[in-house]
Amino acid sequence: MQKAFMTKLKSNKTLKSNLITFGMVIIAYILMEILMAAGILSNLLKGLLVPLCVYAILAVSLNLTVGILGELSLGHAGFMCVGAFSSAFFSKCMQDVIPIAGVRFTLAIIIGALSAGLFGILIGIPVLRLKGDYLAIVTLAFGEIIKNLVNILYVGLDENGFHFSTKSSLDLNLSENGTVIIQGAQGITGTPHDSNFTIGIILLLLTLFIVLNLIHSRDGRAIMAIRDNTIAAESVGINITKYKLMAFSISAALAGLAGVLYAHNLSTLTALPKNFGYNMSIMILVFVVLGGIGNIRGSIISAVVLTLLPELLRGLNDYRMLIYAIVLIVMMLFNWAPACIQWREKIAYKLKKKKIVKINGKEA
Amino acid sequence: MALLEIRNLGISFGGLRAVDDFNVEIEKGCLYGLIGPNGAGKTTVFNLLTGVYKPSEGIIHLDGQDITGKKTIEINRAGVARTFQNIRLFKDLSVADNVKVGLHNHLEYNTLEGILRLPKYRAIEKQMQEEAMELLRVFELDGEADTLASNLPYGKQRKLEIARALATKPKLLLLDEPAAGMNPNETQELMDIIGFVREHFDMTILLIEHDMRLVSGICEELTVLNFGRVLCQGKTADVLNNPEVIKAYLGE
Amino acid sequence: MSFLKYLISGISLGSVYALIALGYTMVYGIAKMLNFAHGDVIMIGAFTTYTICSTLGLPPVIGVLAAVILCTFLGMGIERVAYKPLRKAASPLAVLITAIGVSYLLQNIALLIFGANTKAFASVVSFPALELADGSITVSGETIVTILSCIVIMICLMLFIHKTKAGQAMLAVSEDKGAAQLMGINVNGTIALTFAIGSALAAIAGVLLCSAYPSLNPYTGSMPGIKAFVAAVFGGIGSIPGAFIGGILLGIIEIFAKAYISSQVADAIVFAVLIIVLLIKPTGILGRNVQEKV
């Protein structure tokens, strides 16, 4: 049995690669848990564990759009925002109705992912016919619109049901025992703290499971065929709209999942330019490109490294973001500049004296 | 009844009449050639046939079914597959995966079955692998099934494109300059393959080609296009000896 | 009357956007890359003028000149070090991300030198304000100068591109780098020149932006940069008159949205209009529609 598995492993490169990816995440989890139990982990790092999972999920999900579908999206934070707010809204409403945290959070996850996915479909239908940089700017625009609208949204609840306003909490006309749930720019306060590192890792593994299995299936092949040559894909009967929309909405739903994790890790959820604006979308894109476009494992690694880097440089105070910027530029040049790639291959050849394998392949 | 029947097909781009009053009938199992000088409108005919362009007028019938003005994917499902003049492979997919994309509409399981790796996924993927390998063996590409398509040499890329088109199980195969860029040995090999495909898959083939050795060697019937209009039509030998055709090709 | 007032302030804001968008669109048209650091070059330009005029007390002319010269070299330097090595990279996204890195770099350099506090930028414009309709409408000197310089620069750019040899080389490079090289055009030089001009324009835009809206910090260029990018896409990216029209329209829409609807959702409205325009005309108002040949 075991022998059969080993031979299968040898013959199947993708299976092996997937197992490495899952194994990497699980080992990192065990390592962190051990460090935590031993009390070595600083409070700062402990606080970063859930955000690390959030960023890793975001990077993997955006890679589905950028690397696998081959379309540039600059509005990924908008989908995260939808997932965060819809799920936090649900959790806050249901805090007393469903007292069991596990059940409530599971439902919140489903609601967050589904609403983000729904937004993905709604936005995807009109915009996915645009190409390249035009698609990029429109997704950026949608991300900003979502963030903007959340900031003027007021929702309250009393015995007469929900009240909505776009002006202020007073305009909600709530009765005496009503409560304001979403308070405009102040966002949602008092979301139950349901996220933790273990749940974050489980959601990351779930994301990986969905994305990797999708890529290596009939639908994934169709999506990558569209990326490589839309006209040829159409000529062999691939429904372009359907598969573009599928990739885009699954990518959005997974960003929503990250949003759920993010929202339930904070006591106050607000939509700021920092967390849901285009800056965030761009940062996720940086993870994806630096980790290798289409390389799922690379996305996780670069999300973790780039999130930890500024924290590790904290001792350098004012210089840390400067160093971060320089490291980013240098790493991009090192990874992508044809001259650097040649130079690296030459070094690798000298070291190994073996056949040069092409680096930066698109296979995950 | 003919497998492909085109009546009065025409299209204009702005003021330019790219194809005008194009008529053709192709019998099932025939190997039919479409030739003509550069810019005569040959590829435009292919694009009209596959729904890339919508014809301004005329009708196209495939096996009795009206496919005029339908979308590309509907036309492919009706049974027309093609290759492209400038090769269009899925360059970052493996050779086997390129063919599997062609099998997409014939071997199906849904997204959930794929993500959850349900038994149906395993069964269909196994069948896909077998069918893809079978096709690749015809083109002697089975040894490179795991190679990235972009890493194949030129001649093999052309062959892979034909294999991918055949994977969609068409009734009619359109080949746009299959021998372009091939050396005489490769062209000879290609001629053998086209002949084999016709026998083995019982295929009707319409091809555009400039290589006269290939055209005269394997095509049974020809249509010559010049300035978007049919110059001459008929049995290969008759057409190639037609003085008008010689004039169009060689000038006065 | 208030309508006219808003229209004028819309055009004023729009001409700043247009000025930034001109630089954006030139770089995009020729180097085919979204230079995310463009907004930060603007900020550097404004800080240069601020240092020379407010800190050293030298006359505005010197401040503006210094900003233009510094930004020209800065733009060329960035192109040489960060963008040129990636011109033939496997994915066009690589240079986009590097541009984001450059943007962070410029912001943090400014942060280190000038600190995070917002500075009050003293206007470099000494042009008198224009009073219309018996003083009920005032058009500030900054507005007049911004609009005039925007129009002058646009005309100069068009003349430069269509009438000079270097401009023709730019057109050729934007069509097809390989073919241009074969025709003996110095492609690297042409792209460097494009960045030089684009960055010089950014310096002017920065000075005028901060003269009209006198607050300056390391992140000042960021949002106008994005807005100008939107304006360039709006008008059809790569097109110089398109950038002008897009910029002006964007400014007017933003001011009207702030005045008549709500200042909180003004940005959302600007972006919504952009989306609607692109859905109707996918390549912007004056953009060329290039279809892939089968």
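Give the average, rounded to an integer, of partner chain Cβ atoms located within 10 angstrom of each Cβ in A:223-231.
For this peptide, the per-residue mean of nearby foreign Cβ atoms is 6.
For chain B, what does -39500 (n - 2.57) per DSSP helix run (n ≥ 4), summed and divided by total residues, give at 222 nm, in deg cm²/dmol to the nearest 500?
Taken over chain B, the calculation gives -12000 deg cm²/dmol.
Below 8 Å, C-alpha to C-alpha, sequence gap of six or more: please give me the relative contact order for the stretch C:11-221 in percent. It would help to have the intermediate numbers written out before the result.
On the way: 288 pairs, mean separation 89.5, N = 211.
So the answer I get is 42 percent.
Going by alpha carbons, how many degrees (0 to 90, nearest 10) lie between the helix axis of A:43-63 and the longest principal axis of chain A?
Between helix and principal axis, roughly 70 degrees.
Using a 10 Å cut-off on Cβ to Cβ distances, tally the other chain neighbours for every residue of A:93-103 and report the average as a whole number.
0
Tally the DSSP beta bridges in chain B and give the antiparallel ones as a percent, rounded to 5.
55
Can you say what percent of the DSSP beta bridges in the protein assembly as shown, counting only those with both residues inside, are antiparallel? Round to 5.
70
Mind ranking A:74-87, C:263-276, A:199-212 by how tightly packed they are, going by the mean number of other C-beta atoms within 10 angstrom, highest first?
Result, highest mean first: A:74-87, A:199-212, C:263-276.
So for the stretch C:11-221, if I pair up every lysine 8 or more residues apart or on another chain, how many of those pairs have alpha-carbons under 19 Å apart?
6
What is chain A's relative contact order, in percent, from Cα pairs under 8 angstrom and six or more apart in sequence?
Relative contact order here is 28 percent.
Average the reciprocal distances over every distinct pair of alpha-carbons in the stretch C:11-221, invert the result, and give the Kirkwood radius in Å.
Kirkwood radius, the stretch C:11-221: 17.9 Å.
Å³ per residue of the Cα convex hull, for the stretch C:1-92?
124
Highest mean first, what order results for A:287-296, C:48-57 on Cβ atoms within 10 Å?
A:287-296, C:48-57
I need the peptides C:73-81, B:182-190 ranked by packing, meaning the mean over residues of other C-beta atoms within 10 angstrom, with the highest value on top.
Top of the packing list down: C:73-81, B:182-190.
Tell me the volume per residue, in Å³, of the convex hull enclosing the alpha carbons of chain A.
Working: hull volume 71.3 nm³, N = 364.
Measuring per residue, one finds 196 Å³ for the Cα hull of chain A.
Across peptide A:316-329, what mean number of C-beta atoms from other chains lies inside 10 Å of a residue's C-beta?
Numbers: counts 0, 0, 5, 2, 1, 6, 7, 2, 4, 10, 4, 1, 7, 11.
Per residue, the number of nearby Cβ atoms from other chains is 4 on average.
Between the alpha-carbon centers of the stretch C:116-133 and the stretch A:28-88, tell me the distance in whole angstrom.
Cα centroid of the stretch C:116-133 versus Cα centroid of the stretch A:28-88: 45 Å apart.
Summing Lys, Arg as +1 and Asp, Glu as -1, what charge do residues with Cβ under 14 Å from the Cβ of A:Ile323 carry, A:Ile323 excluded?
0
Please compute the net charge surrounding A:Asn239, taking Lys and Arg as +1 and Asp and Glu as -1 over other residues with Cβ under 13 Å from its Cβ. Present the calculation step by step, with values, prior to reporting the outcome.
Details: positive: A:Arg218, A:Lys242, A:Lys244, B:Lys71, B:Arg77; negative: A:Asp219, A:Glu234, B:Glu74, B:Glu108.
Counting the neighbours of A:Asn239, the net charge comes to +1.
List, largest first, the extents of the alpha carbons of the protein assembly as shown along their principal axes, each in whole Å.
Projected onto the principal axes, the Cα atoms of the protein assembly as shown cover 90, 74, 68 Å.
Would you work out the relative contact order for the stretch B:1-115, in percent, from Cα pairs under 8 angstrom that are 6 or more residues apart?
Numbers: 140 pairs, mean separation 26.1, N = 115.
Relative contact order comes out at 23 percent.
Any read-out appearing in this document is the output of simple, stated calculations on the displayed coordinates, not a laboratory observation. Here the structure is a predicted model, which is why all the values come from computation and not from measurement. Virtual Cβ from ideal backbone geometry, glycine too; neighbours counted across all protein chains shown.
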